[in-house]
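Beneath this line is the structure, given in structure tokens, with notes to follow.
The values are calculated or read from the model by the stated rules, or taken from the named source; none is laboratory data. Bear in mind the structure is a predicted one, so any value in this text is a computation, not a measurement. Please note: Cβ atoms are built from the backbone with ideal geometry, for glycine as well, and neighbour counts cover all protein chains shown. We work out accessible area using only protein heavy atoms, side chains counted, and drop any ligands, DNA or RNA first. Shrake-Rupley method; radii C 1.70, N 1.55, O 1.52, S 1.80 Å.
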Amino acid sequence: MSNEGFFIVFEGGEGAGKSTLTEAIGKRLKNSGRSFVVIREPGGTPVAETLREILKTPLTPWGEALAFLTARSDLIEKVIRPALKRGDVVLCDRFSPSTFAYQGYGRNLDLKLLKKIDSVIREDLEPDLIIFCDVPVSDGLARKAGENDPIVTGSEKEEFHRRVYSGYQDLLSNSSEKKWKRIDATKPPAEVVEEVWSIVEPMLRL
């Protein structure tokens, strides 16, 4: 078993089941005896959790983007880097791809500029694996119906979420197949967990 840290990011649109999947993989890691941390974006530190509350109210598109990026910067330096240095597996519900999909494609912000700012924040930090939970937009939004106090982006109209979904498809098509794994998240949750674990577990033994 590797003693080096491993960084796994779970991505997808609304209602894709990322949070449930992240927790389930955490339980598998616990049972295997591997040290891990489970975090979400935005969140994971007092500063980032405060920004999460702010993001429940409408901001300008760039104000929104910068709030997400500020929260990420704090999370990276205070939680992610220290955990990886300890040799932990880091399970993160959303990361940079969410910013590109939601604020770049969804809000129509300058994608190149977003990526440049994000790159400055991350420095050399890159996920080892990105799991994309693929669910049709209408199905995902139906799953999310009735959620209390969502971040503003989660309650946007379907047209916005279709742009986000299109953004994820572009990110997938232009990224390494070794790093990105597309998962059919319309399957029963237990099957999704098994499929993801079959990808994660061998990589942790490399």
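When the accessible area of the chain is split by element with a 1.4 Å probe, what percent falls to carbon and sulfur?
On the way: 5260 of 10230 Å².
After summing per-atom areas, the C and S share lands at 51 percent.
So if R0 is 22 Å, what FRET efficiency would S155 and E49 give, r being the distance between their Cβ atoms, rounded to the nearest 0.05? Don't skip to the answer; put the middle values down first.
Numbers: r = 19 Å, r/R0 = 0.88.
Here the calculated transfer efficiency is 0.70.
Measuring with a 1.4 Å probe in the full set of protein chains, what accessible area per residue, in whole Å², belongs to the chain? It would help to have the intermediate numbers written out before the result.
Details: 10230 Å² over 206 residues.
For the chain, the solvent-accessible area averages 50 Å² per residue.
Calculate, axis by axis, the spread of Cα positions in region 153-203 along the three principal axes, and write the results as whole Å, longest axis first.
Extents along the principal axes, in whole Å: 38, 27, 15.
At 1.4 Å probe size, with no ligands or nucleic acids counted, give the accessible surface of E4 in Å², nearest ten.
140
Label points 7 Å out from Cα along the Cβ direction at A142 and K56: separation in nm?
Distance between label points: 2.8 nm.
Can you list the lysines whose alpha carbon is less than 21 Å from that of K27, not counting same-chain residues fewer than 8 positions off?
Reachable lysines: K18, K181, K187.
Given a Förster distance of 25 angstrom, what is the FRET efficiency for T186 paired with E23, based on the Cβ-Cβ distance and rounded to 0.05?
Working: r = 19 Å, r/R0 = 0.77.
It comes out at approximately 0.85.
For the pair K78/D124, report the inter-label distance in nm, with labels modelled 7 Å from Cα in the Cβ direction.
Taking the simple label geometry, K78 and D124 are separated by 2.5 nm.
Suppose a student asked you for the relative contact order of the chain, using Cα pairs under 8 Å spaced at least 6 residues apart; what percent would you report?
Values: 308 pairs, mean separation 70.5, N = 206.
Dividing the mean separation by the residue count of the chain yields 34 percent.
Given the chain, what percent of its DSSP beta bridges are antiparallel, to the nearest 5? Don't jump to the answer; show the numbers that get you there.
Working: 0 of 20 bridges.
Bridges in the chain are about 0 percent antiparallel.
Can you pull the three principal axis extents for the Cα set of region 72-206, in Å, largest first?
41, 38, 32
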